[in-house]
Amino acid sequence: MQNYSIKIDLQKLKNAFLRKFTGRTATKTCICIPIEDNPSLFLGEKGCYLSLVANAQENSQYGNSHFVRGDIPRELYDQMTEEQRKSFAILGNMKPILPKQQQVNATTSMDTPEDQPQDDLPF
């Protein structure tokens, strides 16, 4: 089974912002995300949930296998214009987590063979 690393930029959610709050003993930076402005957020009985969908992508220059967007209800998606659909923010990406042995093999396979001259370096 493949494991993935996922990175999400929560500030890309509509009208999300950072704010510092000072309490009695500390100041904390918090992210505020309006639930009503983000159809992929919903309040359930046991929490507030962010529904996401990961779409496969090919040829990512950063090794990503998928991009991640908010998953919105089909009825709302059908009501959106093509321009609104295209402007729906990509929140992040996913890439496979390689076992340590594969990471080592990938690194060593990229090395220049010893029999090739290396005097073409730009420095």
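Taking amide hydrogens as placed 1.01 Å from N in the peptide plane, the amide H of Ser5 sits under 5 Å from those of Lys95, Ile97, each at least 5 positions away in sequence or on another chain. Evaluated on region 1-44, the Kirkwood hydrodynamic radius is 12.9 Å, with distances taken between all distinct Cα atoms. Spin-label model, Ser87/Tyr4: points 7 Å from Cα along the beta carbon direction are separated by 2.7 nm. Report the far tail of the P(r) of region 21-76, meaning the percent of Cα-Cα pairs longer than 19 Å. Tail fraction, whole percent: 55.
Distance between the modelled labels on Phe21 and Ile33, one decimal in nanometres: 1.6 nm (7 Å Cα→Cβ projection).
Pairs spanning more than 29 Å between alpha-carbon atoms, out of Lys46/Lys86; Lys12/Lys46; Lys14/Lys46; Lys20/Lys86; Lys28/Lys100; Lys7/Lys46: Lys46/Lys86; Lys20/Lys86; Lys28/Lys100.
Here the extension length gained between Tyr62 and Tyr77 equals 2.5 nm, from 0.36 nm per residue of separation less the Cα-Cα distance.
Read-outs throughout are calculated quantities, based only on the coordinates presented, and are distinct from any laboratory measurement. Note that the coordinates shown come from a computational prediction; the quantities given were computed from them, not determined experimentally. Because the Cβ atoms are built from the backbone with ideal geometry, glycine has one as well, and the counts that use them run over all protein chains shown.
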